[in-house]
Amino acid sequence: MSPLAAPAARSHVAETWAKEIVPALCDFIRIPNVSVAFDPGWSDAGHMARAVGLVADWLRARPIDGATVEVQELPGRTPVVIVDVPAYGEAAGDGPGAGSVLLYGHLDKQPPLAEWRTGLGPWEPVREGERLYGRGGADDGYAAFAALSAIEAVRAAGGAHRRCVVLIEASEESGSPDLPAHLEGLGDRLAGTDLVIALDSWCWSYDRLWVTTSLRGLLGVELTVEVLTEGVHSGMAGGVVPSSFRILRRLLDRVEDSATGRILVDPLHVDIPEDRLRQIADVAGDLGDLVATYPFAAGVLPLGTGNADRLRARTWEPALEVISAEGLPSLRDGGNVLRPGTTAGLSFRLPPTCDAATAARAVEETLRADPPHGAVVTAEATTAEGGWAAPPLAPWLDAAVTAASQAAFGADPRYVGEGGTIPFMGMLGRSLPEAQFVITGVLGPGSNAHGPNEFLHIPTAEKVTEAVAHLLDADARR
């Protein structure tokens with residue numbers, strides 16, 4: 001166990017969450033600061049500035065001696081919030097070669113999406129028992145508050161920590177397009193980072209610490225099919241002019257088996273490491289009924305044949321979803337017109353070790369080749385982010401994660417890959433090849449990040465905060 005006084009850490013975290021973090025998160029939820037990809041006018045709208053100001057002001061008010069809070073702004077970019085906290089405690093050390101810890105989160109949000117259930121809404125916080133509903137509370141507004149509270153808990157409980165840098169970005173939900181410029185602007189301030197703790201991941205249950213061992217990459221493609229320069233009467237044209245929607249369907253069949261969902265473009269597949277397959281087998285039995293965590297409509301049958309098969313599919317295999325479309329009028333507005341064209345937004349999830357640039361070229365070439373009926377087909381990759389696979393945990397960190405989970409949750413941790421994407425992890429993995437990573441989070445069963453009725457499970461958020469405090473202390477004393 002960590003020398004950190006667990007009762008004191010737990011008490012500090014619980015009090016801070018109840019009295020300060022939950023009220024601040026309620027104010028944060030009320031701000032519709034959707035990510036730049038969904039609001040090109042974000043700067044003029046001012047919502048992002050309000051969210052950044054709320055978070056930065058809260059962080060500046062924390063009673064941490066020597067901590068500095070900076071909002072880094074670059075022309076045309078969403079800002080980042082940087083908190084620099086000096087080392088604390090005799091065991092931590094702050095001399096040359098002492099290294100530092102980077103704690104990561106983000107404050108931009110997904111758009112509201114579909115209708116929320118009666119009594120809930122994306123921009124109005126609602127607490128029901130242990131759940132705090134509202135967009136962005138769990139993904140990932142809580143992270144900034146939790147990171148500083150964990151550092152405070154170390155100090156309040158007689159522990160130690162090395163220099164800590166907290167980085168909160170504001171474009172993660174758009175694929176972090178603004179982050180590379182900010183990292184360049186930070187210069188060597190992240191040099192020497194040898195432990196990364198990210199608070200933007202998932203948990204498969206609310207009863208233990210879950211550590212993410214891999215993340216899938218993300219490839220976005222806009223596919224457009226044009227057959228006319230303007231729409232014409234469907235009765236006059238049907239049977240002569242090919243349908244742009246039908247051609248688009250045929251093109252999709254080139255990249256995905258419509259019966260099974262299997263991706264048909266070979267460069268999007270990778271060999272799955274044997275240790276990851278063993279890991280999947282180890283945790284499959286801990287997850288209960290994995291299918292039950294999804295809000296299936298009545299009678300819908302899931303893909304796959306059991307937890308292990310489904311875990312493998314959602315962590316180490318590619319997948320496709322059509323996430324948007326243009327050229328299709330609403331049911332109310334649609335007339336009897338053979339439309340001139342159709343555009344679909346394609347979102348491919350890529351295996352952790354798949355090269356995103358190679359995948360993008362392969363998909364573009366597959367969709368553009370030999371267009372049916374000579375249609376005008378354009379296929380352009382709009383984003384191509386590689387995934388991330390964690391390096392093996394050092395023995396000290398493996399023991400520290402177990403001790404932290406036991407101290408905070410009373411249960412051993414579990415390790416598993418995830419199907420989502422955190423672009424920053426890939427960037428860090430490339431720039432800090434020797435660093436150790438602990439990727440965790442609060443997005444558990446039913447929390448529904450990106451969807452309607454998103455909620456934060458407050459007790460889990462408290463325990464994750466407490467676990468991070470134990471990790472910081474163990475890191476300082478290793």
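The values are calculated or read from the model by the stated rules, or taken from the named source; none is laboratory data. What you are looking at is a predicted structure, and each value in this text was computed from that prediction instead of being measured. No Cβ is skipped: glycine too gets one built from the backbone with ideal geometry, and neighbour counts run over all protein chains shown. These accessible areas exclude ligands, DNA and RNA; they are computed on the full protein's heavy atoms, side chains included. Shrake-Rupley method; radii C 1.70, N 1.55, O 1.52, S 1.80 Å.
Residues whose amide H lies under 5 Å from that of residue 436, counting only those 5 or more places away or on a different chain, are 195, 196; hydrogens are built 1.01 Å from N in the peptide plane.
Take the eigenvalues of the Cα gyration tensor for the stretch 311-368, scale each by 5, and report the square roots as semi-axes in whole Å, largest first.
Numbers: eigenvalues 202, 46, 9 Å².
Rounded to whole Å, the semi-axes are 32, 15, 7.
Per the Debye formula on identical point scatterers at the alpha carbon atoms of the stretch 150-245, with no solvent, log10 I(q)/I(0) at q = 0.20, 0.23, 0.24 Å⁻¹ is -1.25, -1.35, -1.36.
In the complete set of protein chains, residue-level accessible area for residue 193 is approximately 10 Å², probe 1.4 angstrom. Pop a pseudo-label 7 angstrom from the Cα along the beta-carbon direction at both residue 5 and residue 368 and give the gap in nm to one decimal. The answer from the label model is 6.6 nm.
Starting from one equal scatterer on each C-alpha and no solvent at all, send me the Debye-based log10 I(q)/I(0) for the stretch 335-384 at q = 0.18, 0.20, 0.24, 0.33 Å⁻¹, two decimals. Ignoring solvent entirely, the Cα scatterers give -0.69, -0.79, -0.98, -1.36.
Within a Cβ distance under 12 Å of residue 377, other residues only, what is the Lys/Arg minus Asp/Glu net charge?
Numbers: positive: 250, 254, 368; negative: 222, 226, 364, 365, 370, 380.
Local charge sum for residue 377: -3.
As a fraction of the 1.4 Å probe accessible area of the chain, surface on carbon and sulfur atoms comes out at 52 percent.
So what's the convex hull volume per residue for the Cα atoms of the chain, in Å³? Can you show the working numbers first?
Values: hull volume 75.2 nm³, N = 478.
Convex hull volume per residue, Cα atoms: 157 Å³.
For the chain, the per residue solvent-accessible surface stands at 42 Å², with DNA, RNA and ligands left out and a 1.4 Å probe.
The C-alpha atoms of the chain define a longest principal axis, and helix 244-255 lies at about 50 degrees to it. The HN-Hα couplings worked out from phi for the stretch 12-25 by the Karplus form 6.51 cos²θ - 1.76 cosθ + 1.60 (θ = phi - 60°) are 5, 4, 4, 5, 5, 4, 5, 8, 10, 6, 4, x, 5, 5 Hz, whole numbers, x standing for Gly and Pro.
Between Rg and the Kirkwood Rh of the stretch 254-309, both from Cα atoms, what is the Rg to Rh ratio? Don't jump to the answer; show the numbers that get you there.
Working: Rg = 14.2 Å, Rh = 13.8 Å.
Here the Rg-to-Rh quotient is 1.03.
To the nearest 10, the accessible area of residue 271 is 140 Å² with a 1.4 Å probe.
To two decimal places, what compactness ratio does the stretch 336-478 give when its Cα radius of gyration is scaled by 2.2 N^0.38 Å? Write down the numbers at each step before the final one.
Details: Rg = 21.5 Å, N = 143, 2.2 N^0.38 = 14.5 Å.
In units of the 2.2 N^0.38 Å rule of thumb, it is 1.48.
Between the amide H of residue 124 and those of 135, distances stay under 5 Å, these residues lying 5 or more places away or on another chain, with hydrogens modeled in the peptide plane.
Taking Cα atoms only, the orientation of helix 458-477 departs from the longest principal axis of the chain by about 60 degrees.
Pull out the extension gain between residue 259 and residue 378, defined as 0.36 nm times the separation in residues minus the alpha carbon to alpha carbon distance; nm, one decimal. If you can, show how the numbers build up before the last one.
Details: separation 119, 0.36 × 119 = 42.84 nm, distance 2.50 nm.
Contour length minus the Cα-Cα distance gives 40.3 nm.
Please work out the ratio of the alpha-carbon Rg of the stretch 95-136 to 2.2 N^0.38 Å and round it to two decimals. Working shown, then result.
Values: Rg = 17.8 Å, N = 42, 2.2 N^0.38 = 9.1 Å.
This ratio for the stretch 95-136 stands at 1.95.
log10 I(q)/I(0), Debye, Cα-only the stretch 1-123, no solvent, q = 0.18 Å⁻¹? Computed log10 I(q)/I(0) values: -1.14. Projecting the alpha carbon convex hull of the stretch 199-289 along each direction and taking the average yields 10.8 nm². Neighbours of residue 388, meaning other residues whose beta-carbon lies under 15 angstrom from its beta-carbon, give a summed charge of -1 when Lys and Arg score +1 and Asp and Glu score -1. The longest part of the chain holding none of the exposed loop GluC sites (Glu not before Pro), meaning those outside H, G, I, E and B in DSSP with at most 10 other Cβ atoms within 10 Å, is 231-433. In the stretch 117-203 the Cα-Cα distances spread across 5 Å bins starting at 0 as 3, 10, 16, 18, 19, 14, 10, 7, 3, 1 percent of all pairs.
The C-alpha radius of gyration of the stretch 176-221, expressed as a fraction of 2.2 N^0.38 Å, stands at 1.59.
Over all directions, average the projected area of the Cα convex hull of the stretch 19-78 and note it in nm². Don't skip to the end; give the middle numbers.
Details: hull surface 19.2 nm².
Directional mean of the projected Cα hull area for the stretch 19-78 stands at 4.8 nm².
Taking amide H positions as modeled 1.01 Å from N, with prolines and chain starts lacking one, the residues under 5 Å from residue 417 and 5 or more places away or on another chain are 213, 214.
Please work out the Cα convex hull volume for the stretch 273-407 and give it in Å³ per residue.
On the way: hull volume 28.7 nm³, N = 135.
With only Cα atoms used, the stretch 273-407 gives 213 Å³ per residue.
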